[in-house]
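Since every read-out is calculated from the coordinates, none of them should be taken as a lab result. For clarity, every value in this text was computed on a predicted model and none was experimentally measured. Neighbour counts are summed over all protein chains in view; Cβ atoms, including those assigned to glycine, are modelled from backbone coordinates with ideal geometry.
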Amino acid sequence: MDFALSDEERAVRDTVRAFVTREVLPLEQEVLRRERAHQPGLDRSELRELQLKAKKFGFWGLATPEEYGGMDLPAVLQSLIWTELGRSFVPFRFGGEADNILFHATEEQKREFLLPTIEGERISCFAITEPGAGSDAANIKLHARRDGDDWVLDGEKTFITNGNDADFAIVVAVTDPEKGARNGGATTFLVDRAMGWRSEFIQTMGEGGPASLIFDGVRVPHRNILGEVGQGFTLGMEWIGKGRYTIPSHAIGIAERALQMAIDHANTRETFGAKIGTNQAIQWMIADSETELEAARWLVLRSAWTVDQGLDPRHASSMGKLYGAGMVNRVVDRVLQIHGGMGYTRELPIERWYRQVRLYRIFEGTDEMQRLIISRDLLRGYTKIGGHLA
Ligand SMILES: Cc1cc2nc3c(=O)[nH]c(=O)nc-3n(C[C@H](O)[C@H](O)[C@H](O)COP(=O)(O)OP(=O)(O)OC[C@H]3O[C@@H](n4cnc5c(N)ncnc54)[C@H](O)[C@@H]3O)c2cc1C
C-alpha cells in the first residue's frame, strides 16, 4: 500500500500552492475589506485576469477534456488542487471550466453554451431546487409544456448559485407529471436569461448569495433541450455528483489553513504567564482537529480515486462529503475558540470561515441525505463494509 503522492501529483500540487501563495494570498486583506463593505470580494474582471494568469502556467479547465483546451485531470489531482484553493478565502477558482453535464450538448448547443462558458464569456447556473423540493429533488414542480416547436416553462427555482449573474440557466423541469421526475418525467433545458426568466437575490449568512429564478410562461425552443426528453433527473444527479468530492476537498484546505493559525496563536498568546498551547485543553483541540483532518483527507482522496478507477463513486463520495463537511465545521469552531475574543471579530477571517463552512453541511446533499445514501447502500447489500478492500 502506497500513501505517497506520485512525482506528477506533487509537482502539480506544489505549482498550485506557489500560485496561490504568490497571486491569491496577497489579495486577502482587500477581499475582507470589500466584503465587510458588502461588495464582492473579487469582481468578474479581476477573477478573469487571475484566471488568465493561471492559464499561462498551464492551469485551465481542470476537468475540461483536452479537445476543449482543458487539462482533463484525474479526480485525485483535482481533489489535491481544490484543497490548495481552500487554503485562501479569496473566491478564486481556475478558469476554463463548464458544468460537467454541458458536455452532453449537441454541436449547436456546444457553440452557444459550452464553449463560451469554458472561455468565461458566459456564466451558467444550475437549477433543480425549488421552494417545495430540495432534498426531495424528485418532487420538483416547475413545469414545461410542449407548444409547437417550443416548450413553455412555469414555476420557480430557489437557492441557485450564480443565479443573479448567470446569463443562462440549466433548468430541470417536469415534462411528464404522470411519470414523475425520477422515472423519465423530467427534462433539462438551456434557458437564456433573455428568454424571460428573472432572478431575485437571497440574503444568506455567507458572502454573496444565491437567487430565486422565476419562470412565468418562458418560451424555450425544443432545440434547447440538453440530452434527451425524460433524461432531466439523471443529468441533475450527474451534476450534483461532481461536488461530492470537490466540496470536501476544499474543506480540507480551509481546515489546514485555519488549524495552522490556531497553532501559531497557541504558540504566541500568553495567559497566566504561559503560552496557551501549554494547556491540555488547547492541545486536545489541536490534536482532535489534526486527527479529523487526516481522516477526512483519506476518505476524500479515496472517493476521488474511486472516480479515477471507473468504480461507482457514490458511496465513497457520500462518506467524504458527510465527514469532510462536519470536520471543517468542528475544526473552524475550535480554531475560533483558541483565538478567544479575536476569533469572534471581523479583523480575522475565522468568523468568515465559520459562516462559509456551515453551508457545506447543507448544499449538494445535506448531511442527512449523505447518511441516507450510505446506510441504504449497506442495508440493501449494494456496498460491503470495508469498501474496495472488502
Ligand atoms: C447557498 C446555497 C447555494 C445553493 N446552490 C444551489 C444551486 O446552485 N442549484 C440548486 O439546484 N440548488 C442549490 N442549493 C439548494 C440546496 O441543494 C438545498 O438547500 C439542499 O439540497 C437542501 O434542500 P432544502 O433546503 O429544501 O431542505 P429540505 O429538503 O427541506 O430539508 C430540511 C431538513 O430536513 C432534512 N431532511 C429532509 N428529508 C429528510 C429525510 N428523508 N430524512 C432525514 N432528514 C431529512 C434535511 O437534511 C434538512 O436538515 C443551494 C442552497 C444554498 C443554501
Query - Whole-angstrom Cα spans of segment 328-389 along principal axes, big to small - result: 50, 23, 14
Query - 10 Å-binned pair-distance histogram of segment 190-302 (Cα, whole percent) - result: 10, 22, 24, 18, 13, 9, 4, 0
Query raised in the report: Comparing GLU207, GLU108, GLU156, which has the greatest mean-square fluctuation in the GNM of the chain with Cα pairs linked when under 10 Å apart?
Result: GLU108
Query raised in the report: Separation of segment 114-153 and segment 285-329 by C-alpha centroid, Å?
Result: 30 Å
Query raised in the report: About its Cα centre, how strong a charge dipole does segment 324-390 have in debye, to the nearest 20, once Lys and Arg get +1 and Asp and Glu get -1 at the Cβ?
Result: 120 debye
Report summary line: Row for segment 1-110, column shape: gyration tensor on C-alpha, a ≥ b ≥ c, rounded if a/c < 1.5 i.e. under 1.5, prolate if a/b over b/c, else oblate; value oblate
Query raised in the report: Given HIS222, TRP151, ALA133, which one lies farthest toward the positive end of the charge dipole of segment 115-252, if we put +1 on the Cβ of every Lys and Arg and -1 on the Cβ of every Asp and Glu?
Result: ALA133
Report summary line: Per residue, the convex hull enclosing the alpha carbons of the chain has a volume in Å³ of 153 Å³
Query - Folded to 0 to 90 degrees: helix 314-338 orientation relative to the chain principal axis, Cα - result: 40 degrees
Query raised in the report: What length, rounded to one decimal in nm, is gained on full extension from ALA18 through to HIS222, with 0.36 nm per residue of separation minus their alpha-carbon distance?
Result: 68.8 nm
Query - Which listed pairs, of LYS179/LYS321; LYS55/LYS321; LYS179/LYS242; LYS321/LYS384; LYS157/LYS179, have C-alpha distances above 24 Å, in listed order - result: LYS179/LYS321; LYS55/LYS321; LYS179/LYS242
Requested in this report: Enter the angle in degrees (range 0 to 90, nearest 10) between the Cα long axis of helix 280-308 and the first principal axis of the Cα atoms of the chain, meaning the one along which they spread out most.
Outcome: 40 degrees
Report summary line: the chain: antiparallel bridges as % of DSSP beta bridges, rounded to 5, reads 85 percent
Requested in this report: Please tell me the relative contact order of the chain in percent, rounded to the nearest whole number, where contacts are Cα pairs under 8 Å and at least six residues apart.
Outcome: 13 percent
Query raised in the report: So how many Å³ per residue does the convex hull of the Cα atoms of segment 252-325 work out to?
Result: 73 Å³
**Report entry** Gained length - ASP288 relative to ALA194, 0.36 nm times residue gap less alpha-carbon distance
**Finding:** 28.7 nm
Query raised in the report: How large is the dipole of the chain about the Cα centre if only Lys and Arg carry +1 and Asp and Glu carry -1, each at its Cβ, rounded to the nearest 20 debye?
Result: 840 debye
Query raised in the report: Quick one: helix 367-379 against the long Cα principal axis of the chain, what's the angle to the nearest 10°, folded into 0 to 90?
Result: 80 degrees
Query raised in the report: If you take the charge dipole of segment 249-390 about its Cα centre, with +1 on Lys and Arg Cβ and -1 on Asp and Glu Cβ, which of VAL335, GLN356, ILE252 is farthest toward its positive end?
Result: GLN356
**Report entry** Gyration tensor (alpha-carbon) shape descriptor, segment 168-245, a/c threshold 1.5
**Finding:** oblate
**Report entry** Rough spin-label spacing in nm, given labels placed 7 Å along Cα→Cβ, for LEU52 and ASP312
**Finding:** 4.6 nm
**Report entry** Sequence ranges 28-41, 134-147, ranked by mean other-Cβ count within 10 angstrom, highest first
**Finding:** 134-147, 28-41
